[in-house]
Amino acid sequence: MSACARQVVIARGAGGCRACVTFTDEDTRRMLRMEGIVKEFPGVRALDRVDFDLNAGEVHVLLGENGAGKSTLIKILAGVYPKDEGRILLDGQAVDITSPRRARELGVRTIYQELHLIPQLSVAENIFLGEEPLGAAGLIDRRTMLDVSADLLRSLHRELDPRIPVEELSVADRQMVEIAKAIRARCRIIVMDEPTSSLDQEEVKALFAVIGRLRGQGVGVIYISHRLEEVGAIGDRVSILRDGRHVHTGAVQDLTTEDMIRFMVGRELAAKFPWEPRELGEEALRVESLGETGAFRDVSFSLRRGEILGLAGLVGAGRTDLARALLGVDRADRGHIVLGGHRFRPRSPRDTILRGLGLIPEDRKNQGVILLLSVAANITLVALERLARFFFLDQKREGHLAREYAGRLNIITPRLERQVRFLSGGNQQKVVLAKWLCSGAEVLIFDEPTRGIDVGAKYEVHRLMVELARGGAGVLMISSELPEILGMSDRILVMREGRITGEFSRAEATQEKLLRAAMLDEKPAGAGLADGGEKP
């Protein structure tokens, strides 16, 4: 082997031998080029002559607002959608990617934001799914599967038992299984779609270390993220799409965050967070010693009308469990809440919704919308009792309400009868918001409200939260992004291991104080404002 070549052990093959991939200087050439890609759907041109390229050993970041065309472009590369016009070249040779199987044969693997693993199967079974090695008797060689899977995960610095079901893994570990699956298949190109959206800071560092090793092995990585602070940390180049068109490609070091935002949205944003001071009203919600065995305990706080109350904490701190219990999705087994002048323990979502509380969940696709229903039907879903006349739905009034809230939130869709599954992530989030606005809820819980949506849509969601608070609603915002918590909250609570460990006014809160309350078993000096009053 020449001095300029690099050899990397990828996996153990059948019979225990190790398979190797050798990268030479030739692999530093451009490995992928997509030229003039066009894709149309009914009523919309999703991609309009888009160009994109990728070099071996490069992390090329792909940015754009929701609906800009990023997902469509990578689904064409992954063989999910056929292109209407344009061509794709791998190593200078034109190829037709007609199916996901063909993409895998060409060395292209995509790790989607919603991970494509089978929860009931083991780690090893998922890594080898559809490509199981066979032994001498023609039976699946499970020993090889286990050994190779363990080797792969160890190379990613993950000591996981390959025999355990995937459903028992954390989100971070599931992503590592997806990456191990891609490496085992000797892929040359890995597409990562929002890989850090559900990870904490330490898990993000671990993922970046893995990406660095892949880059060193000559793998080309296409990295999609809405977290602009990640671009400089992981990327070599960045390409930006807007409204289905390619608007800019350049070296990461040549672009500031403001430059990226301007290219993405086509305008300057007045401010990163549109928070403004407001007069706070009477108490809208009081939580009294609420607890759920195994999830959270002895949680007490109040929320006033016109207030945005931030709820911070690390992944697994119990914040989402608390939100689900407040809505009545999960049943608290002790404590009460006071809502709409009534003191009760939530027993069902219907009970709580009728009293004026709504939840915008973190998992919008599975819990926030019904993907196969229309935009209009989703918007009016929790207001059907108000729209019924003699047990029949008043469709004229339903259409009027749907148009009103779709216009108010600027939901981009060719028609309100379009199924929600065809909308971008940002517009799906707006549909969830429209649903709860249509319900007339006076207390709204936002659980990770800007997860997986672009910077422009984030600003719109934040602006809407301020408008709701200005109109007298009480807003409880759960977020893992400390800049969002600090930038949007009037007051901040911190949870750790199922209990409130800190409370801070907007003026006194800092990232260091919030992290200390989230990570250390102590009560910070800022705690003690559970009634929503001012600190003396």
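The values are calculated or read from the model by the stated rules, or taken from the named source; none is laboratory data. Remember, it's a predicted structure, so these values are computed and weren't measured experimentally. Here Cβ is always computed from backbone atoms with ideal geometry, including for glycine, and neighbour counts include all displayed protein chains. We work out accessible area using only protein heavy atoms, side chains counted, and drop any ligands, DNA or RNA first. Shrake-Rupley method; radii C 1.70, N 1.55, O 1.52, S 1.80 Å.
Taken over region 225-255, the criterion of being surrounded by fewer than 21 Cβ atoms within 10 Å (Cβ to Cβ) and aliphatic (A, V, I, L, M) is satisfied by LEU228, VAL231, ALA233, VAL247, ALA251, VAL252. Counting just the residues of region 102-137 that are surrounded by 13 or more Cβ atoms within 10 Å (Cβ to Cβ) and of a type in the set (Gly, Ala, Ser), which one comes out modelled with the lowest pLDDT? Selected residue: GLY135.
Could you say which residue among LEU160, LEU153 is touching a residue at least 24 places away in the same chain (Cβ under 8 Å), open to solvent by less than 10 Å² (accessible area, probe 1.4 Å) and farther than 30 Å from LYS458 by Cα? Among LEU160, LEU153, only LEU153 is touching a residue at least 24 places away in the same chain (Cβ under 8 Å), open to solvent by less than 10 Å² (accessible area, probe 1.4 Å) and farther than 30 Å from LYS458 by Cα. Of all residues being in a helix (DSSP H, G or I) and at pLDDT 85 or above in region 406-419, which is nearest to CYS438 (Cα to Cα)? Just the residue, please. Selected residue: ALA406.
List the helices (runs of 4 or more DSSP H) that sit entirely inside region 256-372 and contain at least 3 residues that are more than 24 Å from ASP490 (Cβ to Cβ). Steps first, please.
Numbers: elements: 257-265, 319-327, 349-354.
In region 256-372, the matching helices (runs of 4 or more DSSP H) lie at 257-265, 349-354.
Of everything in region 208-228 that is touching a helix residue (DSSP H, G or I) at 6+ places or on another chain (Cβ under 8 Å) and more than 21 Å from ASN55 (Cβ to Cβ), the residue that is modelled with the highest pLDDT is LEU228. The residue that is farthest from MET192 (Cα to Cα), among those in region 72-101 that are open to solvent by 60 Å² or more (accessible area, probe 1.4 Å) and touching an Asp or Glu at 6+ places or on another chain (Cβ under 7 Å), is ASP84. Looking at region 427-440, can you tell me whether even one residue there is surrounded by 23 or more Cβ atoms within 10 Å (Cβ to Cβ) and assigned to a loop (DSSP other than H, G, I, E, B)? The answer is no, given that none of the residues of region 427-440 is surrounded by 23 or more Cβ atoms within 10 Å (Cβ to Cβ) and assigned to a loop (DSSP other than H, G, I, E, B).
Here is the figure for region 210-226: residues that are out of contact with any His (no Cβ under 8 Å at 6 or more places or on another chain) and either touching a residue at least 60 places away in the same chain (Cβ under 8 Å) or assigned to a strand (DSSP E or B) (or both) total 9. Annotation: GLU404 fulfils all but one of (1) open to solvent by less than 10 Å² (accessible area, probe 1.4 Å); (2) within 16 Å of ALA383 (Cβ to Cβ); the unmet one is (1). Screening region 420-450 for residues that are among the acidic types (Asp, Glu) and within 20 Å of the chain's Cα centre (by Cα) and picking the one that is modelled with the highest pLDDT gives ASP447. Evaluating LEU314 against the criteria (1) in contact with a Pro (Cβ under 6 Å, 6 or more places away or on another chain); (2) open to solvent by 50 Å² or more (accessible area, probe 1.4 Å); (3) not acidic (Asp, Glu) leaves one unmet condition, (1).
Against the conditions (1) surrounded by fewer than 23 Cβ atoms within 10 Å (Cβ to Cβ); (2) in contact (Cβ under 8 Å) with a residue 40 or more places away in the chain, LEU357 satisfies every one except (1).
Remark: pairs (first residue in region 367-378, in contact (Cβ under 8 Å) with a residue 24 or more places away in the chain and under 13 Å from LEU423 (Cα atoms); second residue buried (at least 20 other Cβ atoms within 10 Å of the Cβ) and hydroxyl-bearing (Ser, Thr, Tyr); Cβ separation under 9 Å; 6+ apart in sequence or on different chains) = VAL375/THR413. Within region 382-401, can you find the residues that are surrounded by fewer than 17 Cβ atoms within 10 Å (Cβ to Cβ) and under 25 Å from PHE446 (Cα atoms)? Hits for region 382-401 are LEU384, GLU385, ARG386.
Against the definition (open to solvent by less than 20 Å² (accessible area, probe 1.4 Å), in contact (Cβ under 8 Å) with a residue 24 or more places away in the chain, touching an Asp or Glu at 6+ places or on another chain (Cβ under 6 Å) and of a type outside the set (Asp, Glu)), how does ALA172 come out, yes or no?
Details: open to solvent by less than 20 Å² (accessible area, probe 1.4 Å): yes; in contact (Cβ under 8 Å) with a residue 24 or more places away in the chain: yes; touching an Asp or Glu at 6+ places or on another chain (Cβ under 6 Å): yes; of a type outside the set (Asp, Glu): yes.
When the stated conditions are applied, ALA172 passes them.
Residue-level check: of (1) under 23 Å from the mean Cα position of the chain (by Cα); (2) buried (at least 16 other Cβ atoms within 10 Å of the Cβ), ASN366 misses just (2). Given the options SER197, SER239, name the one that is among the hydroxyl-bearing types (Ser, Thr, Tyr) and in a loop (DSSP other than H, G, I, E, B). None of the other options fit; the residue is SER197. Please work out which residue is nearest to GLY426 (Cα to Cα), limiting yourself to region 57-71 and to residues that are of a type in the set (Gly, Ala, Ser) and surrounded by 21 or more Cβ atoms within 10 Å (Cβ to Cβ). By that ranking, first place goes to GLY67.
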